[in-house]
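K.L.:
Here you go, one structure.
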Amino acid sequence: QVCRSKQTVVEISKMLTSMVKEYQVKQAKRKQEQEIRRKDVIESSNELTQAIVDHLNVGVAQAYLNQKRLDAEAKQLHVGATNFAKQTQQWLQLIDNFSSALKELGDVENWARSIESDMQVIQNTLEIAYKTSRQTQQHNASK
């Protein structure tokens, strides 16, 4: 019986060893599967992160392009406003010059009226002087 008991212990020992090895193989396989899953999860999360970053970058790139376009339009508007201000200043100067010319014409018109009035006075005076002179000559001739 001792022999049999030894044999049973050996068989149990072999069975336990076999179970331990089987357990270790299963553990190694699970560990391997877990590592594969871990790598898959990491790869998937990296892909997701990249997709999110790409999506955000599209928005950022669009915002950048919009900002560049707005800056260009603002610069163009500033140039246009500056040119308009210069042109308006030129128009104001032209109107001022025109107004001065009209004033000068008014001054010339007044001067011409004044000369015309003076010439009328001179003409009337000369006519009176001529008539008086003729009357004096006729009066002297009739005596």
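Bear in mind these aren't lab numbers, they're just calculated from the coordinates by the rules spelled out. Just so you know, these numbers come straight off a predicted model, no measurement behind them. Neighbour counts are summed over all protein chains in view; Cβ atoms, including those assigned to glycine, are modelled from backbone coordinates with ideal geometry.
K.L.:
Loop only by DSSP, 14 or fewer other Cβ within 10 Å of the Cβ. Give me the trypsin sites (Lys or Arg not before Pro) in the stretch 106-136 that pass, ordered by residue number.
P.N.:
Answer by residue number: there is no such site.
K.L.:
Under a straight-distance cross-link criterion of Cα-Cα below 24 Å, which lysines are reachable from Lys39, leaving out those fewer than 8 residues away in the same chain?
P.N.:
Those lysines meeting the cut-off are Lys26, Lys29, Lys31.
K.L.:
Could you tell me which of Ile12, Val53, Leu102 has its Cα farthest along the dipole of the stretch 1-104 towards the positive end, charges placed at Cβ (Lys, Arg +1; Asp, Glu -1), taken about the Cα centre?
P.N.:
Towards the positive end, the residue furthest out is Ile12.
K.L.:
Sticking with this one: So how much slack lies between Lys29 and Leu94, counting 0.36 nm per residue of separation and subtracting their Cα-Cα distance, in nm?
P.N.:
The Lys29-Leu94 span can extend by a further 13.8 nm.
K.L.:
Another one. Considering the Cα trace of the chain, what is its radius of gyration and what is Dmax, both in angstroms?
P.N.:
Calculated on Cα positions, Rg and Dmax stand at 60.3, 207 Å.
K.L.:
When Lys and Arg each count +1 and Asp and Glu each count -1, what net charge do the other residues less than 14 Å away from Thr125, Cβ to Cβ, add up to?
P.N.:
Here the charged neighbours net out to -1.
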